[in-house]
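Comments concern the structure below.
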Amino acid sequence: MHHYNQSRSILPAEVIQDGIIAALHDDHDALKACSLVSSSWTYTSQTHLFWRVRLQGTEWPKRPNGTLPVQRLADRIRETPYLAKMVRELELIEGDDFLTNRWLLESVPVLTTLLPQLVNLHTAHINARSLSWSVAASLEDSLRNLLQHTNLRHVSISSLIGLPSINRLFSLFGETHITRLELDNIQTNGPVDGAREYAPGSVKLPLEHISLSLAARDVLDLVEWLPDPLRVTDFSGLRRLRIGVVQPSEVRAASRLLEIAAGYNTLQEVEIQLDDLAPTDSRQAGGILPDVGHFRHVLLTLTPDCVHSQSWTSASVVARWWADILEQTKESVMEKLTLTFPRPDPCSLSPTHKMHWHALDKALTQGAVGASLKEVHTDFGTIHSDLREAALRDALPTLHKRGLIAC
């Protein structure tokens, strides 16, 4: 089923009009007045409805009705062609939550015809849900057509497995205008494949922002590929890099990636996003911690998936891990740090919790980081400002006293 911009509260014009007509009955003068604005209502409603289009397979246990999700959108646009210009964001989700009712591969002919009509498309999200490239290769041309949109700037691709190589992955973005790329659970078979030759640096990609949530092996393949003179992509314009970490082994891979990224002169902002508490054991396991001192703005993020009922406990464990990262920084140009902890309950801190937070406070106010740091931004979710202030004063007393914290 496809959904149009569910986050907006405006009702479709047709529903509003039906309600008005039912209420006015035979009041012809009023109905005539309403008809004067009917067309503008319709256009405004359609603009809201089609701004963001989400296409997904029929949810199990329902059976597909025989019409592909993308075909229904194509039918609407064929009936009303100007709707194509209203689509700014397109989300394609393969199958359903049970990995049934798959439809993307069947949709290739329709997508090939439809995508060029979406001339104002700015953002595209593709969730392949573990679709294998070996059976999805027919999607390559459609994917390339999508990525070639002149106005397309933001692309995210998730859960696509079995790509022949990292070179093949990034070659998809050749000669595009994309500035923000998010890759989540993209599995490749290595840095380079022999099935196709690529000219070094042939992919001119004006990327400013890359977001990576990859398994350790894939990140290690990536860091092997980045210094390779045969790699196809030039990242010299990269400004922001985000790395998602789930497993302890991925911490080492992320550390190597940051070592290489430190050589990009344009890169000013890096984010380490923690999606699980397991990586916080990497120090005990003898792992190498990331060196974040080479970047002016560092974001340390704890995602909602990582937060449980005892959220402040989880945050305290992470605070200790981040303290370890910052303490081992020998040289620093860091000027700004952003800490994000969703949905905490900071009514009280136990002595153990305070010990972790005070270690972070010390790491931020002493040593190389303390000498370069100018401001710390915190995002503790939606807690009341008074509680937030009290929590910060209790958890990070030195930072708070120096006035370096901005909520």
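Each value in this text was obtained by applying a stated rule to the coordinates, not by laboratory testing. Just so we're clear, the structure is a prediction, and the values are computed from it rather than from any experiment. Cβ: placed from backbone, ideal geometry, glycine included. Neighbour counts: every protein chain shown.
Give the peptides 222-228, 211-217 in descending order of average Cβ contacts within 10 Å, highest first.
211-217, 222-228
Counting Lys +1, Arg +1, Asp -1, Glu -1, what net charge surrounds Lys354 among other residues with beta carbon under 10 Å of its beta carbon? Could the numbers behind the result be given before it?
Values: positive: none; negative: Asp361, Asp394.
Charge balance near Lys354 sits at -2.
Which FRET efficiency value, to the nearest 0.05, do you get for Asp324 and Asp141 by plugging their Cβ-Cβ distance into 1/(1 + (r/R0)^6) with R0 = 45 Å?
Values: r = 47 Å, r/R0 = 1.05.
For R0 = 45 Å, the calculated efficiency reads 0.40.
Which value in nm describes the separation of the simple spin-label points at Thr47 and Lys374, placed 7 Å from the Cα toward the beta carbon?
Output for this residue pair reads 4.0 nm.
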